[in-house]
1. Gain in length, A:A123 to A:D176, computed as 0.36 nm per residue apart minus the alpha-carbon separation, to one decimal in nm?
2. Need one word for the stretch A:120-213: rounded, prolate or oblate. Basis is the Cα gyration tensor (sqrt eigenvalues a ≥ b ≥ c); a/c below 1.5 gives rounded, then a/b vs b/c decides.
3. Å³ per residue of the Cα convex hull, for the protein assembly as shown?
4. Go ahead and set up a Gaussian network model of chain A, Cα springs under 10 Å, then flag whichever of A:D91, A:D213, A:D176 fluctuates most.
5. Starting from the 7 Å offset along Cα-to-Cβ, what nm value, one decimal, do you get for the label separation of A:D58 and B:V242?
6. Taking every residue in A:107-115, how many Cβ atoms of other protein chains lie within 10 Å of its Cβ, on average?
7. 222 nm [θ] for chain B, helices only, -39500 (n - 2.57) per DSSP H run of 4+, per residue, to 500?
8. Let me know the mean shielding of A:292-303 by other chains, meaning the per-residue number of their Cβ atoms within 10 Å of its Cβ.
Protein chains: 2
Amino acid sequence: MPRYADMSKAELETELAQVRARYDEMVARGLSLNMARGKPSAAQLELSLPMLDVLDADADLIAEDGTDCRNYGVLDGIPEAKRLMAALLDDEPDNVIVLGNASLTAMYDAMARLMLFGTQGAAPWNQLPAVKWLCPVPGYDRHFTICEAFGIEMIPVTMDEHGPDMDEVERLVAADEAVKGIWCVPKYSNPTGATYADEVVRRLAAMDAAAPDFRIFWDNAYAVHHFSADASEQDTVLDIAVACAEAGNPDRYLKFGSTSKITFPGAGVAAVAASPANVAEIKRHMNAQAIGHDKLNQLRHARFLNEGAGLAEHMARHGALMGPKFELVCRRLDEELTEAAVATWTTPRGGYFVSFDGPDGTARRIVELAKGAGVTMTGAGATWPYGNDPADGNIRIAPSLPPLEELDAAMDVFCCCVKLAALEQLLAA
Amino acid sequence: MPRYADMSKAELETELAQVRARYDEMVARGLSLNMARGKPSAAQLELSLPMLDVLDADADLIAEDGTDCRNYGVLDGIPEAKRLMAALLDDEPDNVIVLGNASLTAMYDAMARLMLFGTQGAAPWNQLPAVKWLCPVPGYDRHFTICEAFGIEMIPVTMDEHGPDMDEVERLVAADEAVKGIWCVPKYSNPTGATYADEVVRRLAAMDAAAPDFRIFWDNAYAVHHFSADASEQDTVLDIAVACAEAGNPDRYLKFGSTSKITFPGAGVAAVAASPANVAEIKRHMNAQAIGHDKLNQLRHARFLNEGAGLAEHMARHGALMGPKFELVCRRLDEELTEAAVATWTTPRGGYFVSFDGPDGTARRIVELAKGAGVTMTGAGATWPYGNDPADGNIRIAPSLPPLEELDAAMDVFCCCVKLAALEQLLAA
């Protein structure tokens, strides 16, 4: 079969008839499948069930420093949990503040503090005429929602397989002191799966910023979320803390992470890691907001994951479940769409997403068609600020939730919808 | 023995010598006792240990609405937890948002939203030239810390056994649109133990406020924390939600509460209850901050406390441990200080504190003396905004943490220090 672009109108019409017939069959099957969000599957959740037995009524509930984890106290986390989250965030326990159940809340609260109080002596951001933020695209919709909530103007910056376009980032950051920060998912990025190259990390750390209080929100959500247990098939990312310190900008970054996709999403432990000056500032503000976070859940996690030493083994089990799903997605895309040559997609080695680009102007139509056949995708546009993908081409594929056989059926539908939308567009042109 | 005020100088000097000798003996004993914070005792924490067995690896982890509590989702809480927290907050489940581990965080976040975004269409408070807040005194230091964090000017209002001085509250609230709210601990107030009279609640709900966005932060921290299981010996408080609705000010209040002093402080569940309009507004803002809170902990609590039906029985066990401690405190104060007539104190029927008033100008000295004899009290001044008790007379006594025998020893020290400070003052005059 030739590329769609090389087909005659008659050939396109024949193909359309076949694809539409297949689509109609799928609609008739009355499927209900979901590839919308990066939710772990039931099989993944079962991996952490033994954690619920770690703390029972007979357990020792005293942390190693003598803290009774059943009572008030400890603003920044018990030592065991600090070590766990330091392992996850590639940092020292002293630089870690253990928080509540979600890194999303940690990031929102960090942004709220910057708006209300400023940082390291600079003016509160809500007193400024404008605050702007760089958003590598495609990116994570919940990051964009935080900016929108605070009225922060988002500026998209193109991502490639090495991270954001650093020429563009450097130009924007140097030119405008209203540009106060950037979202980064440095490893297995949401949704492209790209991992930042060392040079990208170094340039982020060292670039001249017009705003002295420029901040990198380093959302290392997929820090240990490899598909393979073989180190040679895992991505690594340079430590932003070390890079910033070496570049003489030690306070430029805030690292965020959680165990949401390690143990139980929503019932895990989150943390921020930062420079000593930023840790002190955050704790000073937090002192009015909290007495301490859930130390029993900290203890439960620290013991279950052996304070970080058990992470690799536990994540290998996740990888063994996730790897085949991503393999399936990429294989089906390849089988169905390579010949037609109407789309491109990423092939990550970890994380939760495949980023898919169809023909410009088809993403909304593809998602609509899939919905019509019972397959829910992430909304088209969600990977761009304000939900506005100017090319209307990008779709985030989230293969984690459905079991393999359902995923296979969902990819059948998705690929058929891509072809249908592409053919409709070519014939309408 | 006569009242100290009626003693001659010679009598005072004799008494001082005796009291000082007793104090010196106490110092020599090298005690280390703590009556500083409202922390439950080890015996109280043990009451909730069975809760740690509620969810194990074999438990049903699905909420009644089909939600898998192990995975993402549910912004406002699973139905079981909403019913539990509605029982605690004397409200309907539909008006409840179940939150994280602490009502303190719930209150801080609520204040942060008012500062950043305003409420029900009114201007964000941080855009106003001044925001003022009424603080019934003596009151709770962490409430004051929240105001200080946001630069809110605090205005003390006198408390009596029926609640805040409502003539003064009404005058201040009607006169100045910068007065945006009031802290209330309506039942077994921190630290006086007073419960608001029905008439006080009705006046708070109905009073004319210059600020249309005036808000009552209704911190019902001790809603079910009675010493007696006998209803005739328990305080009740009128529902502020009903009172506000009846008065035509349905959005004036926000109710806060948590299970911190029911199960495990810091590992419990908090909630806010509010009018439908406020619930909708809070959820709209929270949508950027959270996907959902810890549903496993919600499920654990809902099952352990039988969705609220088990609260009374569980709290009776707490009361059986707390009651004797408060009885001891009040008995020792009575035995040691009534004749000298140098102090007054409250005798609450629930909650966590006794409010003590020594002679004006002695509170700091008493706390200092107690510290010197190994007994840590809540800092003098802590019960007033900015730590500034103008009379320097009020001290919060927190009897919950020490076992009875330690509490007895601590009260020995405390009463001795009160007499010593009073005598020093009388002789210096």
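1. On the way: separation 53, 0.36 × 53 = 19.08 nm, distance 1.61 nm.
Residue separation times 0.36 nm, minus the Cα-Cα distance, leaves 17.5 nm.
2. Numbers: a/c = 2.17, a/b = 1.36, b/c = 1.60.
Oblate shape, in that a/c is at least 1.5 and b/c is the bigger or equal ratio.
3. That works out to 177 Å³ per residue.
4. Maximum among the listed residues: A:D176.
5. 4.7
6. Values: counts 2, 6, 5, 0, 2, 7, 1, 0, 4.
That average works out to 3.
7. On the way: 13 runs with 172 residues, N = 429.
-13000 deg cm²/dmol, from helical runs alone.
8. On the way: counts 6, 6, 10, 5, 9, 6, 2, 1, 2, 0, 0, 0.
Mean inter-chain Cβ contacts per residue within 10 Å come to 4.
Quick note: the coordinates plus some simple rules give every number you see, no bench work behind them. Being a predicted model, the structure only gives us computed values, none of them experimental. When we count neighbours, we look across all protein chains shown, and the Cβ atoms used for this are built from the backbone with ideal geometry, even at glycine.
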